[in-house]
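Okay, structure first, notes after.
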Amino acid sequence: MSVVVLISGRGSNMRALLDAGLPVSAVVSNRSDAKGLEIASARGIATRVVEHKAFATREAFDQALAGVVDGFRPRLVALAGFMRILTSAFVQRFEGRLMNIHPSLLPAFPGLDTHARALEAGVKLHGCTVHFVTAELDHGPTVVQAAVPVRDDDTEATLASRVLQAEHAIYPAAVRWFLEGRLRVEGLRVTGRDLDSADDVLFSPDPQR
Ligand code: GRF
């Protein structure tokens, strides 16, 4: 029932999964300098590096990566700031048990620089999405989203940090639901989750502040 987490950098989402006590068996990075590797090792979690630069093609890298991941026999593979686009062969191999967290309210702002783009677009609600990964980038059944207000004085950095806090709340919940076998996927719809939230309307600006 374990989870393998793929990272490329800081690893704060990975840390949130560890903090939540989820059964993470290994953390794998495509970069040996990923800060998250140190956090994982310090907590006694197995770490592996599969350097994408060591492979001539994306296919060869993905095959090596899949071999390392499979070695841990994970129930779920969780992408957490993993900055490589995966081949459809990789995605198919782990289909239905491959999740990602993306820093926007998808389908708005797929791809990179989501916070700068949200500010530029003038949206008043921004946020993050946990979704199952399909061959199409940042598109796949949505498990959970969290919205945050965009404030008038926000910079890319302040908005990113507000969203990141929300990421750390929803990713562990999504992984737990998956491991508990609650999630049902039908097309792009995922049901079976339970969030106890009193309010079912989100406003921006947030009237409670
Ligand atoms: C997060 O914002 C995540 O949504 C995005 O990349 C960032 C990774 O941050 N995919 P961290 O490495 O988890 O701290």
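Efficiency by 1/(1 + (r/R0)^6): what FRET value for ASP194 and SER88, r their Cβ-Cβ distance, R0 = 30 Å, to the nearest 0.05?
FRET efficiency, ASP194 to SER88: 0.40.
Order GLU186, GLU38 by their accessible area, 1.4 angstrom probe, all chains in place, largest first.
GLU186, GLU38
When the chain is treated as a GNM, springs tying every alpha-carbon pair under 10 Å, which of LEU119, LEU76, LEU188 comes out with the largest mean-square fluctuation?
LEU188
Per residue, how much space in cubic angstrom lies within the convex hull of the C-alpha atoms of the chain?
Value for the chain: 128 Å³ per residue.
Which helices, taking whole DSSP H runs in the chain, have alpha carbons extending 30 angstrom or more along the helix axis plus mean Kyte-Doolittle at least -0.5?
Long hydrophobic helices here: 156-179.
What is the percent carbon and sulfur in the accessible area of the stretch 61-209, measuring with a 1.4 Å probe over the protein chains and ignoring ligands?
51
Classify the stretch 112-204 as rounded, prolate or oblate from the Cα gyration tensor: take a ≥ b ≥ c as the square roots of its eigenvalues, call it rounded if a/c is under 1.5, otherwise prolate when a/b beats b/c and oblate if not.
prolate
Along each of its three principal axes, how wide is the spread of alpha-carbon positions in the stretch 1-94, in whole angstrom units, largest first?
35, 28, 18 Å, listed from the longest principal axis down.
Can you give the calculated 222 nm mean residue ellipticity of the chain, where each DSSP H run of n ≥ 4 adds -39,500 (n - 2.57) and the sum is split over every residue, rounded to the nearest 500 deg cm²/dmol?
The helix contribution divided over the chain gives -9500 deg cm²/dmol.
Heavy-atom accessible area of PHE109 with all protein chains present, probe 1.4 Å, nearest 10 Å²?
About 40 Å², ignoring ligands and nucleic acids.
In the stretch 69-99, which residues have a backbone nitrogen under 12 Å from the label point lying 7 Å from ARG10's Cα in the Cα-to-Cβ direction?
The answer is 81, whose backbone nitrogens lie closer than 12 Å to the label point.
Report the calculated FRET efficiency for ASP19 and ALA56 (r = Cβ-Cβ distance, R0 = 45 Å), to the nearest 0.05.
With a Förster radius of 45 Å, E is 0.75.
The values are calculated or read from the model by the stated rules, or taken from the named source; none is laboratory data. Because the structure is a prediction, the values reported are computed rather than measured. Please note: Cβ atoms are built from the backbone with ideal geometry, for glycine as well, and neighbour counts cover all protein chains shown. Side chains are part of the model used for accessible areas, which takes the heavy atoms of the whole protein and leaves out ligands, DNA and RNA. Shrake-Rupley method; radii C 1.70, N 1.55, O 1.52, S 1.80 Å.
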